[in-house]
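Remarks on the structure that follows.
The values are calculated or read from the model by the stated rules, or taken from the named source; none is laboratory data. Because the structure is a prediction, the values reported are computed rather than measured. Positions of Cβ are backbone-derived with ideal geometry, glycine not excepted, and every protein chain shown enters the neighbour counts. The accessibility values were calculated without ligands, DNA or RNA, using every heavy atom of the protein model including side chains. Shrake-Rupley method; radii C 1.70, N 1.55, O 1.52, S 1.80 Å.
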Amino acid sequence: MTIVHIITLLIAGAAAGFAGGLLGLGGAFIMTPVQYAIYTAMGTPSDIAIRMAFGTSLLVILPTVASGAWRHSKKRAVRWKTAIIMGSCGLIVSFGGATLASHLPGAVLKIVFGVVALAGAVRMLITSEPKAEQEPKDNPWLWIAWAIPIGLANGTLGIGGGIIAVPILVLALRFKMHNAIATSLATQIFTSIGGLIGYIINGLGASDLPDYSLGYVNLPTWFLLAVTSIGMAQFGAITTHLSLIHISEPTR
């Protein structure tokens, strides 16, 4: 790994952490392409590189979303009952998704990741809070049903799931935007654990892994991404609440 690779990973981690805290995302849509480019440049086969990018992203996402969720929780924005129920179900599905990804061709994983990231980004851009004031849907069975696609995306594609979870929480479950962002981060704590375990277990014994890898998780890359992402997740969460205060202030 060159000095350019190290600097690039530090910057990518900072960007992913800020996006996570600000928008309720895991940041994999930033980290995965960067990691894939670096792994392949280091000579890692394409199929292994994409799985390494997914698995390592989940290990970065775990402390990053925990950091952001903690900050949002201090502002009483996290709906923990929803997060725990959705996250627990998503954890199981995410493990299954990671197992599935370990048996799919790398080309398929890259295409699906690109399509989901693009579609999710468009959906996030056009998602807005419902104009009419409605109470959030307090239905655990509905939460479980929506947790399935979130967990599947998390495990199969190594994404935190926020790019899917936030629109679901806002549009389908009628959460206010700041509650959706905060609850999405808390949910991802659980789903990331499931996917992470799946990538570690299914990657044990795989050939052509980079040095210092635990299954499909590369520890040096994880450290470089996480060291900047965790702190920036705090900054992103603070920025979200400052923005909400500014918007809610009456104009004079």
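Each other residue within a Cβ distance under 15 Å of GLY215 adds +1 if Lys or Arg and -1 if Asp or Glu, for a net charge of -2. The Cα center of the stretch 5-20 and the Cα center of the stretch 37-75 differ in position by 10 Å. Ordered from highest to lowest accessible area with the whole protein assembly present and a 1.4 Å probe, MET232, MET1, MET31 read as MET1, MET232, MET31.
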